[in-house]
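Reading through the structure tokens given below for one structure.
Each reported figure results from applying straightforward, stated rules to the coordinates on display, with no laboratory input. Being a predicted model, the structure only gives us computed values, none of them experimental. A quick note on method: Cβ atoms are made from the backbone with ideal geometry, for glycine too, and the neighbour counts reach across all protein chains shown.
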Amino acid sequence: MKPVTINRDEYCDKVYACWLGKNIGGTLGTPLEGNKDTHSLTFFDPVPTKALPNDDLDLQLVWLKMLQDRGIRPRLSDFADYWLKHLAPYPWDEYGFCLRNLSRGLRPPISGCFENDFIDQMGSPIRSELWACIAPGNPQLAAEMAWKDAVLDHAGGEGVYGEMFFAALESAAFVESDPMNLIDIGLQMIPIHTAISRAARAAVWCYNNEIPWAEARELILKRYKHEHPCNAPQNIGFTIIGWLYGKDFGDRLCQAVNCGYDTDCTGATLGSILGILGGTAGIPEKWSEPVGDGIVLHAYTRGLTAPATVGELTEQTVALADLVMQERSNTVEFGDRTSVSGNRLAGLRRSDRARRMLERDYQAATVPAGNDVEITLHYYGEPVIRPKLPKLVGVSVERSEMPISARLELVTPHGWKVTLEGSQGNQAMFCISADDVRDTNQVRIRFQSDGDSGQADFVFLGPGEAKGYRPAHWVPTCSKCNARVEACICGG
């Protein structure tokens with residue numbers, strides 16, 4: 001018997017309520033998105049007749065398709081492939097710069113941080129629910145998968161910590177109901193020095209010390225305010241304020257959204273948390289009836305056959321959870337009743353898998369090389385080579401995310417100089433230099449190990465392509481449809 005048992009019927013109901021709550025909270029907050037004022041909502045304004053489209057859900061529907069196609073052990077390259085295939089028109093902030101980097105041949109995690117001003121934003125914390133729902137009762141596995149998702153466009157930033165925090169918290173919410181315990185479990189997955197951790201703890205402190213709602217909001221802003229409304233620390237603080245200060249499902253959503261800023265995200269995430277905690281019985285009909293069961297995709301999500309309803313999404317989510325429990329989790333199983341044996345909080349607070357992900361190199365690109373092997377090129381800084389300036393780089397190789405000993409070779413464009421500086425086990429260091437550098441340069445890394453061999457290609461940018469980018473600006477957009485200009489949806 002595994003230490004965590006979850007009643008299957010209860011689980012299915014909570015998954016449905018999670019996605020329904022996300023639609024409700026996102027629809028409530030969307031009309032006020034980006035408005036930094038305090039508000040006084042007590043219900044939808046305007047009252048909708050269906051759910052509003054929201055990238056908070058759409059990106060997770062793409063990952064759902066990825067998991068169905070590629071399996072429940074996704075690689076970083078899988079995320080990159082499906083982002084390019086289904087999300088290329090998205091121009092906003094970190095999305096646009098991730099796509100710009102992927103289009104230039106850079107791969108995660110370097111795709112998430114190079115020339116990207118927006119790594120501290122909410123683009124990844126808002127897509128945590130899928131990992132929680134397919135790894136219920138296993139917070140650190142949910143956080144591990146959230147890391148892979150988040151580094152695609154937030155590598156090294158607060159956005160990574162925010163998604164890991166919420167994924168773990170939501171996973172634990174399938175078997176634990178106390179808000180303080182759940183917040184604590186989420187915080188175990190991320191470093192205490194992060195702004196996300198400090199903002200969350202500040203919101204909890206305000207509530208525990210009976211600071212009034214309006215003053216608590218101002219205290220969060222006094223320390224964590226950012227001029228961009230989608231910056232993650234302030235909005236995660238607001239999400240927790242809404243959760244703790246509200247009286248019931250609707251009031252909690254309104255308390256979060258009334259804080260302003262990234263209101264569709266705070267509402268959608270809190271709606272998901274409340275849905276998992278209370279199930280469908282915890283969502284009043286007056287809140288669910290206006291949005292209904294339908295799923296409405298954003299116009300920028302392309303070529304995706306997605307679930308048409310929350311019910312269909314729930315069925316597909318549960319099918320993936322079955323696979324995860326069978327193949328990836330040795331701690332959780334479905335059973336007659338939900339229970340956690342032993343020291344329940346100690347088990348849920350374990351974070352060794354999450355810590356291992358946080359120790360990985362962000363200034364690197366990881367590419368598959370066949371037979372469950374991945375090769376990582378460590379750029380040791382920016383992914384740029386400049387004429388006549390020697391650059392040290394590292395190479396490592398893993399099979400099924402475990403290091404393997406291998407002989408490594410770096411093949412560069414004609415005329416480049418390559419010197420092996422040293423090698424040990426699964427790692428090697430090279431010094432490369434070139435007199436002539438193109439804007440985009442491809443190198444190939446080959447490995448040989450125990451009769452197995454493979455190769456992977458990587459990109460170095462030249463100074464002509466790596467000129468930097470004007471701070472605090474988006475990538476170019478179409479003047480008609482406002483999509484990323486390279487993937488315009490109107491043909492304009």
**Request:** For the chain, just give the cysteines left without a disulfide-compatible partner, judged by no other Cys Cβ under 4.7 Å.
**Result:** C12, C18, C98, C113, C133, C206, C230, C254, C259, C265, C431
**Request:** For Q442 and K36, calculate 0.36 nm times their separation in residues minus their Cα-Cα distance, and state this gained length in nm to one decimal.
**Result:** 141.7 nm
**Item:** ³J(HN,Hα) computed for each position of segment 97-108 - Karplus, 6.51 cos²θ - 1.76 cosθ + 1.60, integer Hz, glycine/proline x
**Value:** 6, 4, 5, 4, 5, 4, 5, 8, x, 6, 10, x
**Prompt:** Normalised by the number of residues in the chain, what is the relative contact order in percent for Cα pairs under 8 Å and 6+ residues apart?
**Reply:** 23 percent
**Asked** For the chain, what is Rg from Cα atoms divided by 2.2 N^0.38 Å, rounded to two decimals?
**Response** 0.98
**Prompt:** Based on DSSP, what percent of beta bridges with both residues in the chain are antiparallel, to the nearest 5?
**Reply:** 90 percent
**Message:** Need the list of lysines near K225 for cross-linking: C-alpha distance under 17 angstrom, and skip anything on the same chain fewer than eight residues off.
**Reply:** K36
**Item:** Ranked list, fewest to most other Cβ atoms within 10 Å of each Cβ, for S171, S40, S339
**Value:** S40, S339, S171
**Asked** To the nearest 0.05, what FRET efficiency results for S453 and T49 with a Förster distance of 56 Å applied to their C-beta separation?
**Response** 0.45
**Prompt:** Which order do peptides 280-287, 454-461 fall in by mean Cβ count within 10 Å, highest first?
**Reply:** 454-461, 280-287
**Prompt:** How high is the relative contact order of segment 324-477, in percent, with contacts defined as C-alpha pairs under 8 Å that are six or more residues apart?
**Reply:** 19 percent
**Asked** Between E382 and E10, what is the spin-label point distance in nm, taking each point 7 Å from the Cα along the Cα→C-beta axis?
**Response** 5.4 nm
**Request:** With a point put 7 Å past each Cα toward its Cβ, work out how far K467 is from K85 in nm, to one decimal.
**Result:** 3.4 nm
**Message:** Take the residue pairs K14/K222; K22/K247; K14/K50; K85/K391; K14/K247 and return only those whose Cα atoms are more than 25 Å apart.
**Reply:** K14/K222; K85/K391
**Message:** For a protection proxy built on the mean count of beta-carbon atoms within 10 angstrom, sort 231-244, 91-104, 21-34 highest first, please.
**Reply:** 231-244, 21-34, 91-104
**Request:** Compare the peptides 192-202, 355-365, 473-483 by average per-residue count of other Cβ atoms within 10 angstrom and give them in order, highest first.
**Result:** 192-202, 355-365, 473-483
